[in-house]
Structures are given as structure tokens and as C-alpha cells.
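A quick write-up on the structure given underneath.
The values are calculated or read from the model by the stated rules, or taken from the named source; none is laboratory data. Everything numeric in this text was worked out from a predicted model, so none of it was measured. FYI the Cβ positions are ideal-geometry reconstructions off the backbone, even for glycines, and counts take in every protein chain you see.
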Amino acid sequence: MRARTANRSGIVIRRRVTPAGDIIVTLLTPQGKLKAVARGGVKGPLTSSLNLFHHVAVQVYQGPHNDLASVKQAVLEGALPTLAEPGRYAYAHLMAEFADALFQEGEFSEQAFDLFSGALRGISRQPDPEWVALVMSYKLLGLAGIVPQTARCARCGTPDPAHPDPLGGQLLCGNCAALPPYPDAALDFLQGVVRRTVRASMDTPVPPEQRPALWRALERFVTVQIGGVHSWTQLVPMQAAASG
């Protein structure tokens, strides 16, 4: 493997400081996910640029014997200060961890970058950041090709299911279900969110009292299909309590 230098522009979706004072960051870029290390970054000039959710332009160097690329330069291209607000930060962090779980390093997806950056902008600006996060989470799933089954019962295949699947986060028919059916608005959302445009979904929000069931379904589905996402319980406590 030859050494190489590359320039990338992306959003910091993960940040970890090591005991040695290095900063290990994961960026979502139009060219895919990139993981790199800023050596001594905590005490250096890069620390303020490489914060979570920052849009940065970086120059990275990949040595012939290094697993991680090294960040040589980082320039802040954009930031959304309102994401630090308690009512928004939790959802932004959830989206970042979600994107990290869905997309692999080196996987090219300009659509994923555009969708994720749009989600952060919406969470930072919209008066209902929870609804933005819910819609965009399902849209990211659809882009990754991991779509919940809604046309037929996830257990027996009966058409037009309307009941929650507490184990897999999909839909069950009345014969297979132990829980009452979803209210009309929640069911319509689950059946149409992946194929609808973001604008169409944003214009028809599900009432807040019906959303905990949608978060539960999303959590179960993601856990089964992808793996655990810690932010469900750590950073969205109101939904975690509702799912108990």
C-alpha cells in the first residue's frame, strides 16, 4: 500500500479523545464514511474544528503501514450552533450514530451525505425537531435498502397488517398480533414514509401522543436489522421511557 494524501469535505458524526490526547473522528462525506486521527489534537489547533456535527474540510494522509489516516489540516466550513440546545442535541446525536451504523467506510453515497446534512439542518431550525428526526431516520433506512415490511404481515404474510410487531418493529395482522392496531395517522406514516418525499411527510406530522409507538417500532427494527444504537436510551430519554 502506497502512502497518499487526500482532501475531503464532510460532517463529523463521531468523535473520541484517546488517553494520549489524540482525536479520532468519523466523517460522513459524499465519497463515503472516513475515519481518521488527529495526533495530539486536543492540545493542537485542530480541536475546535473537529467537533461533533461540524462540517469540515480536511486533508488526510494515509501511510503505508497505518490503519488510520492522519488529519493534517482541518478547516471549519459550517456549524449549526442551535444543535447544542437540549431539545435538539439528543436528536442530532441519534441521527449521527444512526448514520454511522448504516453506512460503511469507503462506501460511496452522495445521497446519504445530502440526506444526513439535511436532517441536521432541519433539527437545528425546525420548531418540531423530533418529527424531523423521525422522518429522516426512516428515510436513511430506505436509502440503505433496509425497509420495514408494511404491505404484508411480517409473520404470516396476510395483506394490509395494522398492528405493532413488538419484536421486529414491523407490522402484524390481527391474528398474529397481541397489541391493538396503530392509530390511522401512525399507520399511514409507517406505510408511506419511505416512498413519500421528505416535504410531504413533514407537512403531515403524526400527533405527538402517537410518536412513542413509532420510535419503539424504529428501535426494534434497527436493533434486529443493524444492531444496537445506544442513543435510543442515552440521549432520547423521553422515548426510552415510553418504550418501557
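With the requirement that a residue be more than 25 Å from G118 (Cβ to Cβ) and either outside any strand (DSSP E or B) or basic (K, R) (or both), what does the range 1-14 give you?
Once the filter is applied, which keeps residues that are more than 25 Å from G118 (Cβ to Cβ) and either outside any strand (DSSP E or B) or basic (K, R) (or both), the range 1-14 yields M1, R2, A3, R4.
Residue-wise test of (1) β-branched (V, I, T); (2) farther than 30 Å from V147 by Cβ.
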site	(1), (2)
V17	yes, yes
K43	no, yes
V56	yes, yes
A92	no, no
F98	no, no
L102	no, no
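Within the range 195-223, how many residues turn out to be among the β-branched types (V, I, T) and under 13 Å from L134 (Cβ atoms)?
The qualifying residues number 4.
As an exercise: evaluate Q59 against (1) modelled with pLDDT of 90 or more; (2) outside the structural domain of G145 (by TED's automatic domain parsing); (3) in contact with a Leu (Cβ under 7 Å, 6 or more places away or on another chain) and give the number of the one condition it does not meet.
(3)
Any chance the range 162-179 includes a residue that's without any contact (Cβ under 8 Å) to a residue 60 or more places away in the chain, assigned to a helix (DSSP H, G or I) and acidic (D, E)? Before the answer, list the steps.
At the first step, the residues of the range 162-179 found to be without any contact (Cβ under 8 Å) to a residue 60 or more places away in the chain are 162-179.
Applying the additional criterion that residues be assigned to a helix (DSSP H, G or I) yields none.
Within the range 162-179 (the criterion being without any contact (Cβ under 8 Å) to a residue 60 or more places away in the chain, assigned to a helix (DSSP H, G or I) and acidic (D, E)), the answer is no, since none of the residues qualifies.
Residue by residue, here is whether (1) closer than 22 Å to L94 by Cβ; (2) modelled with pLDDT under 95; (3) under 18 Å from the mean Cα position of the chain (by Cα); (4) surrounded by fewer than 16 Cβ atoms within 10 Å (Cβ to Cβ) holds:
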| site | (1), (2), (3), (4) |
| --- | --- |
| G157 | no, no, no, yes |
| D160 | no, no, no, yes |
| D165 | yes, no, no, no |
| L171 | no, no, no, no |
| A200 | no, no, no, yes |
| R220 | yes, yes, yes, no |
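Within the set of pairs 6 or more residues apart or between chains, which connect a residue that is closer than 16 Å to F98 by Cβ inside the range 123-138 to a residue that is of a type in the set (S, T, Y) and buried (at least 23 other Cβ atoms within 10 Å of the Cβ) with Cβ atoms less than 6 Å apart?
Within 6 Å, the pairs are I123/Y91; P129/Y91; A133/Y91.
All but one of (1) at pLDDT below 95; (2) of a type in the set (A, V, I, L, M, F, W, C); (3) touching a helix residue (DSSP H, G or I) at 6+ places or on another chain (Cβ under 9 Å) hold for V224; which doesn't?
With respect to (1) at pLDDT below 95; (2) of a type in the set (A, V, I, L, M, F, W, C); (3) touching a helix residue (DSSP H, G or I) at 6+ places or on another chain (Cβ under 9 Å), V224 is out only on (3).
I'd like to check which helices (runs of 4 or more DSSP H) are fully inside the range 84-144 and have at least 2 residues that are in the same structural domain as V222 (by TED's automatic domain parsing) and of a type in the set (K, R).
110-125
Kindly indicate the residue of the range 140-155 that is free of Cβ contacts under 8 Å to residues at least 60 places away in the same chain and among the aliphatic types (A, V, I, L, M) and also nearest to G118 (Cα to Cα) among those meeting that condition.
Taking the range 140-155 as the starting set, the residues that turn out to be free of Cβ contacts under 8 Å to residues at least 60 places away in the same chain are 140, 142-145, 147, 149-155.
Keeping just the survivors that are among the aliphatic types (A, V, I, L, M) gives 140, 143-144, 147, 151, 154.
Values: L140: 11, L143: 14, A144: 16, V147: 20, A151: 28, A154: 31 Å.
Applying the filter and picking the extreme gives L140.
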